[in-house]
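The values are calculated or read from the model by the stated rules, or taken from the named source; none is laboratory data. Being a predicted model, the structure only gives us computed values, none of them experimental. Don't worry about glycine lacking a Cβ; one is built from the backbone with ideal geometry, like all the others, and counts go over all protein chains shown. To get the accessible areas, we keep the full protein, side chains included, count just its heavy atoms, and leave off ligands, DNA and RNA. Shrake-Rupley method; radii C 1.70, N 1.55, O 1.52, S 1.80 Å.
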Amino acid sequence: MYKILKAEKLNEIVYLMEVEAPMVAKHCEPGQFIIVKLDDAGERIPLTICDYDREAGTVTIVFQPIGASTEKFTKLQAGDAFEDFVGPLGCPSEFVHEDIEELKKEKILFVAGGVGTAPVYPQVKWLHEHGIEADVIVGAKDKRFDYSGKRNGSCSRQFIYYHRRWFLRTQRYGYKGYRRPGSRREEIYTLCCYRTYDYDEFCCLTTKKYEIPTIVSMNPIMVDGTGMCGACRVIVGGEVKFACVDGPEFDGHLIDWDLAMKRQQMYKTEEGRALLKEREGDTHHGGCGNCGGDE
Ligand code: FES
């Protein structure tokens, strides 16, 4: 069992938990995720790691209830426990394997919105610990929805845009100006939840125009998290990839966004899953029996 040490409601729809998981905390790197299951009957829910403390053996997760299982998570208190907490899963962010001195020469910018702002923290923290500067742009509905502002701000320059309605009214908060002399970004990371793939796509369309390399952390529906069920299939550069084992980070300029968005919608219904199974065969679903797609 994996004990919950802290359970906090960040605002009316977003929750944070600190979970005792020493092995995950010891091995995880920025960009990776875990799959958590409440009990025997519970669904397997993938969540990006939002922080980790190797010494304390804890991992922090942030979630928004969007189904029966995550709704149950909202009732959990410190002292309760998850039956399964599997990870770290997926590949670490690319920069973890890059030469530190080369990285220091780069200008890295993170762009995030919604619950996607929370997983930025392990990335900027890692960069900061290695002496690398990074900037973060966060889009939030208002101050209540800025989940990780203080934490991200502690190790990066952060620019927060509050908006009551996307793109209609924005209020800049924090630093006054964004562009500094010679501040052309050389690498952009975007992190988002699946409901805002359109936002990631627009970001990639813009950066493509200026030839700025852009990495996107995809968050598709996942079932087994081991590359077998096919639920998280994405097409990148014309090739089939599985976000759980090949990602979740991919070159944003090579992602087939139309297909990614369509697939998310189709996976929600039995009929849609049946159609995907017909089109994609075994790589759609390997018969894990978890999501009902085989029935
Ligand atoms: Fe990735 Fe099943 S969740 S293949």
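In square nanometres and to one decimal, what's the mean projected area of the convex hull around the Cα atoms of the stretch 1-148? Write down the numbers at each step before the final one.
Values: hull surface 35.4 nm².
Across all orientations, the stretch 1-148 yields a mean hull projection of 8.9 nm².
Note on residue 261 and residue 53: their simple-model spin labels are 4.1 nm apart, each label 7 Å out from Cα toward Cβ. Kirkwood radius, the stretch 212-271, all distinct C-alpha pairs, inverse of mean reciprocal distance: 11.7 Å.
Model label sites at residue 68 and residue 97, defined 7 Å from Cα along the beta-carbon direction, differ in position by 4.0 nm. With a Förster radius of 45 Å applied to the beta-carbon distance between residue 104 and residue 43, the computed FRET efficiency rounds to 0.60. Net length available on complete extension from residue 8 to residue 128 is 40.6 nm, with 0.36 nm assigned per residue and the Cα-Cα distance removed.
Exposure check, 1.4 Å probe, all protein chains in place: residue 251 carries approximately 60 Å² of accessible surface. How big is D, in µm² s⁻¹, for the stretch 47-90 by Stokes-Einstein at 25 °C and 0.890 mPa s if Rh is the Kirkwood radius over C-alpha pairs? After rounding, the answer is 204 µm²/s. Taking all protein chains as they are arranged and a probe of 1.4 Å, the heavy atoms of residue 37 leave approximately 40 Å² accessible to solvent.
Considering all alpha-carbon pairs of the stretch 1-76, what whole percent are spaced by more than 19 angstrom?
The share of Cα pairs beyond 19 Å in the stretch 1-76 comes to 30 percent.
Can you sort 10, 16 by 1.4 Å-probe accessible area, starting with the largest?
Details: 10 55, 16 20 Å².
The ranking, largest first, comes out as 10, 16.
When the residues 242, 85 are ordered by accessible surface, computed with a 1.4 Å probe over the protein chains alone, the sequence from largest down reads 242, 85.
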